[in-house]
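Report on the following structure.
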Amino acid sequence: MRTKTTKTTTTAAFSYEDNGIGHTLREQLETSAAYIFDLGRRTTEQTFELGDHLAQAADLLADGRFDKWVKMRCGLAPRSARNYTAVFRNLTPYRDDLVDLSVGATVLFHLSSATTDQVKAAIAFAEENGRLQVADVKAILAGGGEEGGDKPETSDQFRIGGVAGLKALTAIKIRDGLKAFSAHIVTICQAIEAALAKSRVIKEALAKEIQDIARVARQELESLALFIEPELDWGRNTKATKFPKKTGWAEVNDTLYTLGGIDSWPKSKEMRDWLALHVLPVLGWAVSKERKPEWPLAAPSAPASTLAIAVEADGAGDRQDAEPAMPDEVAKDADVPDEAIERFGAALEEATGGFMTVSREVPRNRRQLAKVPPLADDSVSEVEPAPAAVP
């Protein structure tokens, strides 16, 4: 409670009027101050965002008023503010890589004074070792771009036990596995785009380029995102769990599965639309750098083969207790003309001596094939003897 009161008091001490700051400039500074003051624990991305706001304010107050403003309105030491500003101004070209590596703010402060080669060396070091600490940056800076003589071997990561060691290995897998998966998806998309640029898409040629990579990418995706089923497959092999049906990642997985075997691809005349309108949008969604990329299709859906199986299964269940299809039902379903039905009925009547005729006047839910006269009683006593032949 005391900390909040102190910050409120100090931030209120800065007077824009006394410092000759007009209304428009004041609104810009207050927007940055509100963001900076309310920001809690800072991620790598937020460190760059904070540096962006501070750099803008420093440009607006370049005549020496910045230090006073940042201390009074933001509760931030001027030296720290300059560090954040240096991170934004000097490391923005490497922002995506540093964010992916989750490099801490203090490490970024030290790295902000590095040369281009030294920054690249630090990123390479972090990618190889799964971390980047202040001591590592200092060693790189002291070595003029070299990674230092105390660089730990990659195999050392596999000697660290416990939860901490497992977390380090998991971080390496996510980082390297994600990059490998993304690279394979990009390779597939580039090959498809090259094929679409030609007047005719040759299935066999495209399959040679991408189907093996698609299989690898699918396994990488499952390895990164899915768990292992607790029950063994036939007592021997484990298998991955499945993505929820009708979700984007289920569609990505199914698309990669289809790309992995040319036998499952559409016919040649349908290839271009399938690749351009389905495959490329789905794979592009999977490796998008946007925060929340929009799903490019109408809705994630199960593959056509799965839908067909489901429809057949539903139809079988509905017809399990149903009556066998009657001729006029079949004729109706097949859209057979009435004349054909009449010819069929006449032939049936003639063949059975008039005992069987086709009827169209019965209810739809209980149609009969023919009208059958009642059977005669087979009692011998009621059978009339045939009249004697007249000589």
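Could you sort out which of K71/K167; K68/K292; K245/K292; K179/K267 sit more than 28 Å apart by Cα distance in this structure? Beyond 28 Å: K71/K167; K68/K292; K179/K267. Gain on full extension, evaluated as 0.36 nm per residue between T31 and E45 minus their Cα-Cα distance, stands at 3.2 nm.
Label-to-label distance, K167 versus Q190, with points set 7 angstrom from Cα along the beta-carbon direction: 3.7 nm. Accessible surface for region 205-257, divided over its residues, is 70 Å² per residue with a 1.4 Å probe. Entry comment: accessible area of region 32-143 is 47 Å² per residue, from protein heavy atoms only and a probe of 1.4 Å.
Taking 0.36 nm per intervening residue step and subtracting the Cα-Cα distance, what contour gain separates S268 from K179 on full extension?
Here the answer is 28.8 nm.
Whenever you get a sec, compute what percent of the accessible area on region 209-291 sits on carbon and sulfur atoms (1.4 Å probe). Whole-percent figure for carbon plus sulfur exposure: 51.
The values are calculated or read from the model by the stated rules, or taken from the named source; none is laboratory data. Quick caveat, the model's predicted, so the values are computed rather than measured. Neighbour counts run over all protein chains shown; Cβ positions are idealised from the backbone, glycine included. The area values use the complete protein model at the heavy-atom level, side chains included, leaving out ligands, DNA and RNA. Shrake-Rupley method; radii C 1.70, N 1.55, O 1.52, S 1.80 Å.
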